[in-house]
Amino acid sequence: MILHRRALILGAAATLAGCDRLAKNATVRETLFSAENFHKWAQRSLMARDALAHEFRPDQISPFFRPNGTANPNTPEYKTLWRNGFADWRLKVGGLVDRPMSLSLAQLHGFRHREQITRHDCVEGWSAIGRWRGVPLKQVLDAARLRDGARYIVFHCADDMGGGKGYYESIDLTDAFHPQTILAFALNGEPLRVANGAPLRLRVERQLGYKQAKYLMAIEAVASLESVGGGKGGFWEDHAGYDWYAGI
Amino acid sequence: MDSAPWQARSVPRHRLATRLWHWLNALLLYVLFTSGLGIFNAHPRLYWGQYGANFDHPWLRLERFGSWITLPAHYNLAMSRHWHLTAAPILAFALLFYMVWSLFGHFGRDLAFRRGELAPRHVWQDIRDHARLRFPSGEAALRYNVLQKASYNGVLFILLPLVILTGLTMSPGMNAAWPWLAEMFGGRQSARSIHFIAAFALAGFFLVHILMVVLAGPVNEIGSMITGRYKVPEARP
């Protein structure tokens, strides 16, 4: 049986090496990457445009909400904002809008709020449930008056991902106007902690964790993702090859 | 082990749909299992319930699987997911078509248990025959025995649907589209655990299946799954 086992291991390793070589072929690679389009089409066909992600009971909240990715942007600019309680922080809303805005935390608090207990699903496989409170993105976009050509909303963040480039993410208008898509300023009844994205982060509940951009600094409406970062619409999409549509 | 004397008689054994589905599955399950282990390596812990992350209690905590069994060999979560999410829908739709196709003949003819087959004495006899490696010959070799039926039915109607549905349950988009999925499995992390267990049950089936093919005469068995024709082993005296 030892021989059998060794043969199995060698066989598996050889075949897998073959698969790896195959994945370097441009056509194969393109096919593998395009599965995303099928999943997006299938999911969007199966769900109502405003179908809600499941909301949980308060007793189902994770005892500790695991932060991931950047735990603290630690840039001089961010530290300055953090030191005076984000009183000087502003969220810029621009791009293809008729009324560009610059909103303080106090102004954001002035919008109608939404609270939701939802599950955060990391692409790595773990989940954490938390109670989020924030402003539906729709309200901000309506106030800024989105122009006709706008098709995506891009989020620019304060965390430096190396070389002075910040984290960025994007969603399309279906998710931007979804009732559970909020700009969250509180987690579990307290103002967002730095590790969880203070002072403001995105919640887009029908997608994976890397879409939930933290440390928001600016929101930009665009017609296409081509000129955003590397062109794939998000930091991990550009740098690691993650799917832009993260409902999968 | 191909020592059994063959009769010249060969009979149609596996229909084209079965043969195509079989080899497609062999390929897809291989890609899905190895890329699945690559994905698992991103967070090699399993939990029960709705949530589960580093500060929660896992029921299983493993080291990362080695590069000899993961796709890609070196840790690359994005590529493992691309492989997995490309192969998964093909597996799911192929299973759906095959199940529907099976209902028209194959299931009733070959897979459904016959009267008396599930009697404890009959099952026990079949277990003893397997343990003594007494494989059926003559006409009996043309029918699936009760353990074979149980394992094929188990894979076709339990394990494969289970692994597909628990896979879908892990997707946050499907969570909004079909909320009953997570309810049915007791939460996303439970679904992830069941997905893992079902994947290893399928791997277990694969190993036993290969062992049985080798013991029963690999040339005839594999040949029949390619050409569809099976040489009937001569009836034992």
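The values are calculated or read from the model by the stated rules, or taken from the named source; none is laboratory data. Every value quoted in this text rests on a predicted model; they were computed, and no experiment measured them. As a convention, Cβ positions derive from the backbone with ideal geometry for all residues, glycine included, and neighbour counts pool all protein chains shown.
Can we say A:ARG21 is within 14 Å of chain B (Cβ to nearest Cβ) and modelled with pLDDT under 95?
yes
It is to be established whether one or more residues within region B:112-125 are surrounded by 11 or more Cβ atoms within 10 Å (Cβ to Cβ) and within 30 Å of A:ALA13 (Cβ to Cβ).
Taking every residue of region B:112-125 in turn, none turns out to be surrounded by 11 or more Cβ atoms within 10 Å (Cβ to Cβ) and within 30 Å of A:ALA13 (Cβ to Cβ).
I'm told A:SER34 meets every condition in (1) facing chain B (nearest Cβ under 7 Å); (2) within 30 Å of B:TRP68 (Cα to Cα); (3) of a type in the set (Gly, Ala, Ser); (4) touching a helix residue (DSSP H, G or I) at 6+ places or on another chain (Cβ under 9 Å) except one. Can you identify the failing condition by its number?
(1)
Any residue at all in region A:47-54 that's more than 7 Å from chain B (Cβ to nearest Cβ), more than 23 Å from the chain's Cα centre (by Cα) and surrounded by fewer than 11 Cβ atoms within 10 Å (Cβ to Cβ)?
No - not one qualifying residue is present in region A:47-54.
Is it fair to say A:LEU105 is touching a residue at least 60 places away in the same chain (Cβ under 8 Å) and more than 10 Å from chain B (Cβ to nearest Cβ)?
yes
For region A:112-163, give me every one of the strands (runs of 3 or more DSSP E) that falls completely inside it and has 3 or more residues that are more than 14 Å from chain B (Cβ to nearest Cβ).
Working: elements: A:114-121, A:127-136, A:152-160.
Result: A:127-136, A:152-160.
Within region B:182-193, restricting attention to residues that are buried (at least 20 other Cβ atoms within 10 Å of the Cβ) and in a helix (DSSP H, G or I), which residue is farthest from the other protein chains (Cβ to nearest Cβ)?
This residue is B:PHE185.
A:ASP175 versus (1) free of Cβ contacts under 8 Å to residues at least 40 places away in the same chain; (2) over 21 Å from A:GLN60 (Cβ atoms); (3) assigned to a loop (DSSP other than H, G, I, E, B); (4) within 11 Å of chain B (Cβ to nearest Cβ): which is the lone unmet condition?
A:ASP175 satisfies every listed condition except (3).
Provide a single number: the residues in region A:198-217 that are in a loop (DSSP other than H, G, I, E, B) and either touching a residue at least 40 places away in the same chain (Cβ under 8 Å) or of a type in the set (Ser, Thr, Tyr) (or both).
Total satisfying the criteria: 11.
Name the single residue that is farthest from B:TYR152 (Cα to Cα) among those in region B:98-133 being touching a residue at least 40 places away in the same chain (Cβ under 8 Å) and in a helix (DSSP H, G or I).
B:TRP101
Conditions (1) more than 9 Å from chain A (Cβ to nearest Cβ); (2) in contact with a helix residue (DSSP H, G or I) (Cβ under 9 Å, 6 or more places away or on another chain); (3) over 25 Å from A:ALA13 (Cβ atoms), marked per residue:
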{"site": "B:TRP48", "(1), (2), (3)": "yes, yes, yes"}
{"site": "B:TYR51", "(1), (2), (3)": "no, yes, yes"}
{"site": "B:ASN54", "(1), (2), (3)": "no, no, yes"}
{"site": "B:GLU63", "(1), (2), (3)": "yes, no, no"}
{"site": "B:SER67", "(1), (2), (3)": "no, yes, no"}
{"site": "B:LEU77", "(1), (2), (3)": "no, yes, no"}
{"site": "B:TRP83", "(1), (2), (3)": "no, yes, no"}
